[in-house]
1. Return the sequence-ordered ³J(HN,Hα) values of the stretch 41-55 in whole Hz as given by the Karplus equation 6.51 cos²θ - 1.76 cosθ + 1.60 applied to θ = phi - 60°, using x for Gly and Pro.
2. Mind scanning Lys51/Lys107; Lys110/Lys142; Lys26/Lys52 and naming the pairs with a C-alpha gap bigger than 21 Å?
3. Using a 7 Å offset from the Cα along the Cα-to-Cβ direction at both Thr2 and Ala132, what is the distance between the two label points in nm, to one decimal?
4. Compute the Cα gyration tensor for the stretch 98-186, then decide on rounded, prolate or oblate, letting a ≥ b ≥ c be the square roots of its eigenvalues: rounded whenever a/c is under 1.5, prolate when a/b is larger than b/c in the other cases, and oblate in all that remain.
5. Would you please state the base-10 log of I(q)/I(0) at q = 0.13, 0.16 1/Å for the chain, with intensities from the Debye formula using one equal scatterer on every alpha carbon?
6. May I ask for the equivalent-ellipsoid semi-axes of the stretch 55-130, computed as the square root of five times each C-alpha gyration tensor eigenvalue and listed largest first in whole Å?
7. Over the stretch 3-193, what is the mean sequence separation of C-alpha contacts under 8 Å (at least six apart), divided by residue count, expressed as relative contact order in percent?
8. Once label points are set 7 Å from the Cα along Cα→Cβ at both Lys107 and Phe76, what is their separation, rounded to one decimal in nm?
Amino acid sequence: MTTTAFAFILGAYLLGSLSFAVIVSKVMGMADPRTYGSKNPGATNVLRSGKKLAAVLTLLGDGLKGWVAVALVQAFGPAYGLSGQGVAMAGLAVLIGHMWPLFFGFKGGKGVATAVGVLFGFNLWLALAAVATWLFMAFVVKISSLSAIVACVLVPVYAYFIVGPQSVYFGSCIIIAILVIHRHKSNLINLLTGNEDKIGKPSSGDQSQP
């Protein structure tokens with residue numbers, strides 16, 4: 001790996017380490033999202049505070065950083081010899097940064113919004129397919145985590161047909177799906193036991209929401 005490639009990837013990781021749930025809550029004078037509800041620094045838990053604007057800003061911030069990390073490498077990487085592989089690695093780095101942030105004790109969120117942002121950077125139609133799946137599931141079951149898990153399972157399938165199995169993005173989508181589903185392991189347990197909270201409902205206090 002060249003020094004330039006490392007710099008782009010490190011920059012993506014550091015960008016991912018900016019937890020907008022914590023940042024937005026602090027700016028708006030709210031409690032740290034890691035201290036209430038599911039204690040997960042993500043938009044779903046921020047929504048439990050009753051502050052919809054804060055939840056929206058968190059969602060947009062976490063999603064935007066995923067897109068920016070990819071877009072920067074796409075825009076400036078070719079001048080330094082970075083191709084699709086560099087773009088894919090930056091996408092994974094920003095997601096890992098969100099999940100295990102340097103600035104917040106390596107305790108981050110579930111990565112749904114950031115993953116979607118990365119997908120928008122990879123391919124517009126791929127991202128829209130993932131978002132449509134989440135929205136459909138959320139409308140039907142009204143459970144954020146289950147919607148995210150189903151969307152993650154289907155993302156590699158969508159990638160196979162949209163970008164093709166030979167694309168470096170296809171492999172990245174598989175890794176993204178594995179990472180996000182792994183971060184939802186507590187949700188899977190709650191789903192199996194019937195204890196998973198629905199969107200907008202007060203949390204039972206576990207760490208189950210994405």
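All of the numbers you see were taken from the coordinates with simple rules; none came from a lab. Computed from a predicted model, the values in this text were never measured in an experiment. Here the Cβ is made from the backbone with ideal geometry for all residues, glycine too, and neighbour counts use every protein chain on show.
1. x, x, 4, 4, 6, 4, 4, 5, 6, x, 8, 5, 4, 4, 5
2. The answer is Lys51/Lys107.
3. With each label placed 7 Å out from Cα toward Cβ, I get 3.8 nm.
4. Details: a/c = 1.94, a/b = 1.18, b/c = 1.64.
Oblate, since a/c reaches 1.5 and b/c is not below a/b.
5. The computed values of log10 I(q)/I(0) come out as -0.67, -1.00.
6. Details: eigenvalues 88, 49, 18 Å².
Calculated on Cα positions only, the semi-axes equal 21, 16, 10 Å.
7. Numbers: 293 pairs, mean separation 39.5, N = 191.
So the answer I get is 21 percent.
8. According to this spin-label approximation, the distance is 3.3 nm.
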